[in-house]
Amino acid sequence: MDFIEGEIIHIDKPLHWTSFRVVRVVRAKLCQKLKIKKLKVGHAGTLDPLATGVMTICTGKKTKQIETLQALTKEYIAQIRLGATTPSFDLETAIDAEYPTSHITKELVNEVLQRFRGTIEQVPPLFSAVKVEGRRAYEFARKNEDVELKPKLLVIDDIELIFYDLPDITLRVVCSKGTYIRALARDIGEALHSGAHLTGLTRTRVGETTLDKCLKMDEIDHFIEENTIII
């Protein structure tokens with residue numbers, strides 16, 4: 001493989017790693033192997049530190065394909081806890097409010113999920129990298145500053161309940177670019193007249209690339225060693 005000219009590889013992003021850290025580590029390992037100081041490396045589609053799964057890395061001229069790759073349909077397995085909310089809509093921040101769940105049934109959850117199929121509007125999380133007035137939304141959030149985020153149109157191709165054991169549910173979600181699963185958890189909690197936050201998230205597919213086709217971070221060294229062309 002010619003990483004200088006351009007290649008696309010798929011990584012199973014580890015828990016607690018930022019997407020930028022994955023890029024930084026892959027770039028450093030490639031530069032070391034190729035004995036060069038600089039190499040263009042980018043990723044198509046950010047995953048939060050508390051999420052795992054398919055992450056697409058592009059090198060060289062293939063970085064020009066990032067925008068196209070970001071537009072591919074994505075699939076997630078999302079673990080959600082009902083009856084409590086957090087400011088970040090996931091486990092990054094502590095629970096700030098609790099709500100009743102005694103009225104929630106499996107049938108009600110399935111009924112509510114139908115409302116999220118198709119084209120929907122979603123307000124991004126305040127704890128996100130969405131830009132507002134030239135600043136990232138999370139900068140406002142961390143300083144407890146008020147800011148209004150505008151809803152965005154997105155598409156949920158499929159959403160299904162695959163596990164139910166109150167207060168925990170697990171969903172499979174197939175969706176378009178720009179979907180915040182944390183915000184989806186928030187909205188589902190509200191639709192259930194309760195609260196909700198994300199407790200686990202795995203991106204299982206991007207386009208036709210599934211998780212089983214991705215490299216683990218501890219396999220990168222061997223992969224680079226076996227596949228690098230040195231001119």
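The values are calculated or read from the model by the stated rules, or taken from the named source; none is laboratory data. Being a predicted model, the structure only gives us computed values, none of them experimental. FYI the Cβ positions are ideal-geometry reconstructions off the backbone, even for glycines, and counts take in every protein chain you see.
Here D2 meets the list (1) in a loop (DSSP other than H, G, I, E, B); (2) charged (D, E, K, R); (3) at pLDDT 95 or above almost entirely, failing just condition (3).
Residues checked against (1) exposed (fewer than 15 other Cβ atoms within 10 Å of the Cβ); (2) not assigned by TED's automatic domain parsing to the domain that holds S19:
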{"residue": "I156", "(1), (2)": "no, yes"}
{"residue": "D165", "(1), (2)": "yes, yes"}
{"residue": "I169", "(1), (2)": "no, yes"}
{"residue": "C175", "(1), (2)": "no, yes"}
{"residue": "G189", "(1), (2)": "no, yes"}
{"residue": "L198", "(1), (2)": "no, yes"}
{"residue": "T202", "(1), (2)": "no, yes"}
{"residue": "L215", "(1), (2)": "no, no"}
{"residue": "D218", "(1), (2)": "yes, no"}
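Strands (runs of 3 or more DSSP E) fully within region 25-99 that include at least 2 residues being hydrophobic (A, V, I, L, M, F, W, C) and under 21 Å from D2 (Cα atoms): 41-44, 51-59. Within region 14-45, the set of residues being touching a strand residue (DSSP E or B) at 6+ places or on another chain (Cβ under 8 Å) and in contact (Cβ under 8 Å) with a residue 60 or more places away in the chain comprises P14, V22, V26, L30, A44, G45.
Taking region 90-116 only, how many residues are hydroxyl-bearing (S, T, Y), closer than 28 Å to D48 by Cα and more than 21 Å from the chain's Cα centre (by Cα)?
Taking region 90-116 and keeping what is hydroxyl-bearing (S, T, Y), we get 93, 99, 101-102, 105.
Next cut, closer than 28 Å to D48 by Cα only: 93, 99, 101.
Then drop every residue that is not more than 21 Å from the chain's Cα centre (by Cα), which leaves 99, 101.
Residues meeting the conditions: 2.
As a summary of the residue check, H16 satisfies the conditions (1) assigned by TED's automatic domain parsing to the domain that holds L108; (2) closer than 24 Å to T204 by Cβ except for the one numbered (1).
Would you check if there is a residue in region 116-128 being among the β-branched types (V, I, T) and modelled with pLDDT under 95? The answer is yes; a qualifying residue exists. Filtering T68, T73, T85, T101 for residues that are surrounded by 13 or more Cβ atoms within 10 Å (Cβ to Cβ), at pLDDT 95 or above and either farther than 16 Å from I181 by Cα or aromatic (F, W, Y) (or both) leaves a single hit, T101.
Got at least one residue in region 188-198 being outside any loop (DSSP other than H, G, I, E, B) and free of Cβ contacts under 8 Å to residues at least 12 places away in the same chain? Walk me through it before giving the result.
So the first thing to find is which residues in region 188-198 are outside any loop (DSSP other than H, G, I, E, B), and the list is 188-191, 196-198.
Next, only the ones that are free of Cβ contacts under 8 Å to residues at least 12 places away in the same chain stay: 190.
Yes, some residue in region 188-198 is outside any loop (DSSP other than H, G, I, E, B) and free of Cβ contacts under 8 Å to residues at least 12 places away in the same chain.
Among the residues of region 91-107, what is the count of those that are under 17 Å from R172 (Cα atoms) and touching a residue at least 12 places away in the same chain (Cβ under 8 Å)? Residues meeting the conditions: 1.
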